[in-house]
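Worksheet for the structure shown next.
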Amino acid sequence: MQKQLEGKDHTMNCVHAKTVYTGNSVVEDAYVLFDGQNIADVSKGKGGTLLGEFEVLTPAFIDPHSHIGMTRAGEPNEESESNDKLDTIFALPDALDSVQMDDKTFQEAVEMGVLYSCVVPGSGNIIGGLSAVIRNYARNSTEALIARAGVKAAFGHNPMSTQGWRGTRPSTRMGAIALLRKRLDEVYQKMQKYSKTRGKKKEDITFSAEETVLRDVLTGKTRLRAHAHKIDDIAVLLRVVDDFKIKVSVEHAMDVHQPEIFRELKKRNIPVIYGPLDAFAYKVELKHENWQNIRHLLDSRVEYGLMTDHPVTPARQLFLQTRWFTRAGLSRQQAIEIVSRKNADILGLSKLLGTLEKGKWASFTCWSGDPFDLTSYPVAVYGEGKLLYSEA
């Protein structure tokens, strides 16, 4: 993980709120104390300099699947950098290298409390490249990087819809999966050969940079982040998991309208990064998309988070999507957990973010009122102890 931002003071400060959502619980009439970048305590007692009094505090929101900064507001679609069209299995592209921090949607996200995003390549390629978890408030992309969270892959219609791009392109789902299996098997066979070789002869077996990425997938060091909307596309993914014993997450799952597949994912401890909700069902893969499918997700008790897939749904609307989960029966605290603690857990960020606890980053949003009230809005936003936005 990357170092914290430099140049912040280490004076004890605090903010007070009538209601504090910690990401684990709800605390009434409490202070959040922070010393520089980190939270010192959440308590009933004031400590240090009081910076403000607010109605509600929530943890920083985290978008676990986004193309923010790659597909940029105010730029024509042909300038989007979400997908590279050079090859269909392309493990080396780094999403961070296409992020431009002057995209105005970063500021819009910050103003709505969405302070962190996991930026991933698009789904036009069978394997699209490396993810990057970033600060939405950083000055440049190097400063933005916090962590890595897997390699992007795509199942279903998307890879077969790009036949006009360069490289070997499939025209069917079976063709796409055949290409994926072939490449994974090539690296697997090389790994087997390497493990059986003794002494200096090992030096004769080298792995290219791309093979090293795929080797990390095959050994479980790196998660394969698999775009899949439909039930049978997830079933195909599970067959690949069975064959290669890889660690995966299911990204989207918006067409899943029956409970069984979520139960199977729960059984296998495979998380789902769900969404985006509130987006138009613009392709056949989404013909069963409906907010009521959330009930299958919740009933299965599978581990899950919630994405925007920005720009499919704007990053600033991440929290707005939680209203469907409260309609499906979750409490307000549970809804806030989805876009804070749960998303942090899935991305492997739980030591830094997700909850307001001692030692974690002082990244939180101060609201004018109940955030579930349509008339409420953020009046102050802090990232790692620094005031990023103020309504005043």
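The values are calculated or read from the model by the stated rules, or taken from the named source; none is laboratory data. Because the structure is predicted, anything quoted here is derived from the model rather than measured. No Cβ is skipped: glycine too gets one built from the backbone with ideal geometry, and neighbour counts run over all protein chains shown.
Tabulated data for the structure shown
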quantity	calculated
Matching option when the condition is closer than 25 Å to VAL250 by Cβ, at pLDDT below 95, surrounded by fewer than 19 Cβ atoms within 10 Å (Cβ to Cβ) and not assigned by TED's automatic domain parsing to the domain that holds VAL217, among MET1, MET12	MET1
Selection from the range 248-270 of residues that are surrounded by 17 or more Cβ atoms within 10 Å (Cβ to Cβ) and either aliphatic (A, V, I, L, M) or under 22 Å from LEU184 (Cα atoms) (or both)	VAL248, SER249, VAL250, GLU251, ALA253, MET254, VAL256, ILE261, LEU265, ILE270
Yes/no for SER195 being farther than 25 Å from TYR282 by Cβ, at pLDDT below 95 and not aromatic (Phe, Trp, Tyr)	yes
First in the range 363-381 and assigned to a loop (DSSP other than H, G, I, E, B), second anywhere and at pLDDT below 95 and among the charged types (D, E, K, R), Cβ under 8 Å, 6 or more apart	SER368/GLU391; TYR377/GLU391
Which listed residue is at pLDDT below 95 and within 30 Å of LEU214 (Cα to Cα), from SER80, SER66, SER43	SER80
Test for ALA149: is it of a type in the set (A, V, I, L, M) and either farther than 23 Å from GLY220 by Cα or assigned to a strand (DSSP E or B) (or both)	no
Any chance LEU330 is in the same structural domain as THR308 (by TED's automatic domain parsing), part of a loop (DSSP other than H, G, I, E, B) and not basic (Lys, Arg)	yes
Qualifying residue in the range 140-147 (condition: in contact with a His (Cβ under 9 Å, 6 or more places away or on another chain) and crowded, with 19+ Cβ neighbours inside 10 Å)	no
Residue satisfying condition, being out of contact with any Cys (no Cβ under 8 Å at 6 or more places or on another chain), without any contact (Cβ under 8 Å) to a residue 12 or more places away in the chain, surrounded by 13 or more Cβ atoms within 10 Å (Cβ to Cβ) and of a type outside the set (A, V, I, L, M), within set THR162, THR206, THR197	THR197
Lone qualifier among THR71, THR49 - being touching a Pro at 6+ places or on another chain (Cβ under 8 Å) and of a type outside the set (Asp, Glu)	THR71
Search result, residues across the range 211-226 that are among the hydroxyl-bearing types (Ser, Thr, Tyr) and either within 14 Å of VAL248 (Cβ to Cβ) or surrounded by 20 or more Cβ atoms within 10 Å (Cβ to Cβ) (or both)	THR219, THR222
Subset tally (residues that are surrounded by fewer than 20 Cβ atoms within 10 Å (Cβ to Cβ) and closer than 17 Å to ASP255 by Cβ) for the range 301-318	1
Selected residue (criterion: farthest from the chain's Cα centre (by Cα)) from residues of the range 288-332 that are acidic (Asp, Glu) and closer than 21 Å to HIS227 by Cα	GLU289
Single residue of the range 336-350 satisfying the filter (in a loop (DSSP other than H, G, I, E, B) and touching a residue at least 24 places away in the same chain (Cβ under 8 Å)) that is nearest to GLY113 (Cα to Cα)	LEU349
Verdict on GLU55 being under 30 Å from GLN334 (Cα atoms) and more than 19 Å from the chain's Cα centre (by Cα)	yes
Scope the range 310-323; condition free of Cβ contacts under 8 Å to residues at least 60 places away in the same chain, assigned to a helix (DSSP H, G or I) and under 24 Å from VAL119 (Cβ atoms); matching residues	LEU320, GLN321, THR322
Residues of the range 29-62 satisfying the condition of being among the acidic types (Asp, Glu), more than 20 Å from GLY359 (Cβ to Cβ) and either touching a Lys or Arg at 6+ places or on another chain (Cβ under 7 Å) or surrounded by 16 or more Cβ atoms within 10 Å (Cβ to Cβ) (or both)	ASP29, GLU55
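This table checks each residue for (1) of a type outside the set (Asp, Glu); (2) assigned by TED's automatic domain parsing to the domain that holds ARG215; (3) within 25 Å of the chain's Cα centre (by Cα).
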| site | (1), (2), (3) |
| --- | --- |
| GLN37 | yes, no, yes |
| ASP41 | no, no, no |
| GLU81 | no, yes, yes |
| ILE89 | yes, yes, yes |
